[in-house]
Structures are given as C-alpha cells and as structure tokens.
Amino acid sequence: MTDLYAVIGNPVAHSKSPQIHAEFAKQTKQDMAYGAILAPLEDFPATVEKLRREGYRGANVTVPFKREAWRIASDLAARALDAESVNTLSFENEKILGDNTDGAGLVNDIVGNLRFDIRNTRILLMGAGGAARGVIMPLAEQRPGQIVIANRTMEKALQLAEKFSITAKTYSDLAGDRFDIVINATSSSLKGELPPLPSGIFADNALAYDMMYGKQTPFMEFAREQGASEIADGLGMLVEQAAESFFIWRGVRPETKAVIEKLKSC
Ligand code: NDP
C-alpha cells in the first residue's frame, strides 16, 4: 500500500512541498504519495483527524497552523517543545507526534550548502514569530559567539531573549553593531518591506539570509548595497527542512542539492 502524506495550510496551493517530496520519494524509491490539503482556518484539528482516519502516515504543517499543530500533538520532540511550533506530524496508532524541522533546515543550508561556519560568529536574527522561535536553539547548538534578536514589537523579542538566554535589541539599538550572519526571519519581504536596519550592519565576509524564497527581496537588495559577501534566500532551508521531515517519516536521508538546483530553475 502506498503511504500517504500531505502538507496542510491555508493557503496551500503555492506550496512546493509536494514537488520536493515527490523528488525525494523517486530518488530514494519510497512507495509514498504526498499531496496538499487546504484546511479551513477555524478547523485545523478536524482536518488532521480526517487524514488520520483515512490512513495518512504524517503531514507537514504550514502557515497559519504551526502553533495549533503544537497544541494538538500528543508527543513533542525537544526542538518542537523549544519552538512551541510544529511543522511535522507523524501519525502512529493513537499518537500524534510533533516535531519542528525548520531550525535543522536553516542550519543544514547555512553549514552544508552555503559552507558557512557558524562557530564563533555574531548572529543577528530579525523577527520573533514562529520561524525565528524555531531556529534559535538549532543555531545556538552551532556555538556562535553571540545571537542578538531584533523585532518590531520589542516585547516579543524580550520574551525570546529571556527564554533562550540571548540578547534582545531594538532596530535602532543596532547602530554601530556588526554581524557575520544576518537572518531575516520576519515576514516583511512578503509585503515588499525592509526591517529598519541601520547602515554598516554587515561585518567583512558576512552572510545575509532571507527566509523568504522565490524572488529578490528588499532585504537582499539592502545586503547587496551594504556589501554583504554572501546573500541567500530561503529555498535551501525549505528543501532541507523537507529532507529532515522525510527522514523522520521514512528513516532515509534524501540528497538535497539536485532538488534545490531543480527548484531554482523552475
Ligand atoms: P510570523 O507571522 O509568525 O512572524 C512575523 C514576524 O515578522 C514578526 O516578528 C513580525 O514583527 C515581523 N514583521 C512583519 N512585518 C514586518 C516589517 N515590515 N518590519 C519588521 N518586522 C516585520 O511569521 P513566521 O515567523 O511564520 O514567518 C516569517 C517568514 O519566514 C515568512 O516570510 C515565511 O515565509 C518564512 N519562512 C520560511 C521558511 C523556509 O523554509 N524558507 C520556513 C518558515 C518560515 P511583529 O512581532 O512586530 O509583528
């Protein structure tokens, strides 16, 4: 019997996850099918229950349901507990196992694909939503010298700073600071906006990373003007977090480079 998986979101039609998992399944010869399910905004749990009844083995969860997935999971992996957000569900008998692979996806992209060593670096993480929350511990595990979090709503940055023992700053307080890695985990790029970063934020040989993918963003333009050495969008993270979910479900680690290249050319 073909094992069934899907990504659940609202909207979901734009998701590249079905294409990515189809590539992984073909490559690793797994007998599985992966679709996209649009869940009503007010009824995510019912959608999950329906998939379980239909015999699905697992699901990815995307905007805006990651927090709700964290709430309904019966068992949580440590990184989902940290993130308070779930992007990977596995259905095992009566249990709903919740995990969060976003952080591993980001780290694997930066270290494995971009070949950027995180150890001892100064990291600026912009944003304090689900995406930022999910990547703090995986970044910290790479032993950077410093992680500073900046967010438009300072209260949220302060909460995360306290929880993860990192530093919170307002955007204006960043003036005069320099970072080796600047990560845009805000949704500003979706609206064609740029977080209010001061000039001179990039250290020599800095990496600018926008989690958004699929187009040049105002942050990527700013990074270019400000002399960042390497500028990346979030496509690699997307494929790497999918690979991590695939590994959880199938116990096989797919090759990601060819899939990233294929998606870039689409
Ligand atoms: P949330 O809605 O949870 O959080 C949004 C964050 O962006 C908040 O911190 C918000 O600040 C901030 N923000 C929004 N607009 C602006 C602006 N104009 N200037 C400065 N800050 C702003 O979103 P997520 O955390 O879930 O997602 C963030 C981004 O990461 C999205 O673009 C998403 O597509 C991307 N992402 C990419 C992934 C990948 O695999 N590549 C995986 C997961 C996410 P405030 O608190 O003040 O409202």
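On the basis of being without any contact (Cβ under 8 Å) to a residue 60 or more places away in the chain, farther than 21 Å from Arg79 by Cα and outside any helix (DSSP H, G or I), does Asp204 make the cut? Yes: the conditions hold for Asp204.
Number of residues in the stretch 157-173 that are among the hydroxyl-bearing types (Ser, Thr, Tyr), in a loop (DSSP other than H, G, I, E, B) and out of contact with any Pro (no Cβ under 8 Å at 6 or more places or on another chain) equals 2.
Just one of (1) assigned to a strand (DSSP E or B); (2) crowded, with 23+ Cβ neighbours inside 10 Å trips up Val148, so point out which. Unmet for Val148, out of (1) assigned to a strand (DSSP E or B); (2) crowded, with 23+ Cβ neighbours inside 10 Å: (2). Screening Gln216, Gln241, Gln159 for residues that are within 15 Å of the ligand (Cβ to nearest atom) and not assigned by TED's automatic domain parsing to the domain that holds Thr121 leaves exactly one candidate, Gln241. For the stretch 110-131, the set of residues classified as buried (at least 24 other Cβ atoms within 10 Å of the Cβ) and farther than 29 Å from Arg52 by Cα consists of Ile110, Ile123, Leu124, Leu125, Met126, Gly127, Ala128, listed by residue number.
Kindly indicate whether Thr170 is in the same structural domain as Gly200 (by TED's automatic domain parsing) and open to solvent by 60 Å² or more (accessible area, probe 1.4 Å). No, not satisfied. Filtering Ser265, Ser245 for residues that are more than 30 Å from Asp173 (Cβ to Cβ), surrounded by 24 or more Cβ atoms within 10 Å (Cβ to Cβ) and either out of contact with any Asp or Glu (no Cβ under 8 Å at 6 or more places or on another chain) or small (Gly, Ala, Ser) (or both) leaves a single hit, Ser245.
The values are calculated or read from the model by the stated rules, or taken from the named source; none is laboratory data. Note that this is a predicted model, so its numbers are computed, not measured. Cβ sites come from the backbone with ideal geometry, for glycine too, and all protein chains shown count toward neighbours. Accessible surface areas use protein heavy atoms only, side chains included; no ligands, DNA or RNA. Shrake-Rupley method; radii C 1.70, N 1.55, O 1.52, S 1.80 Å.
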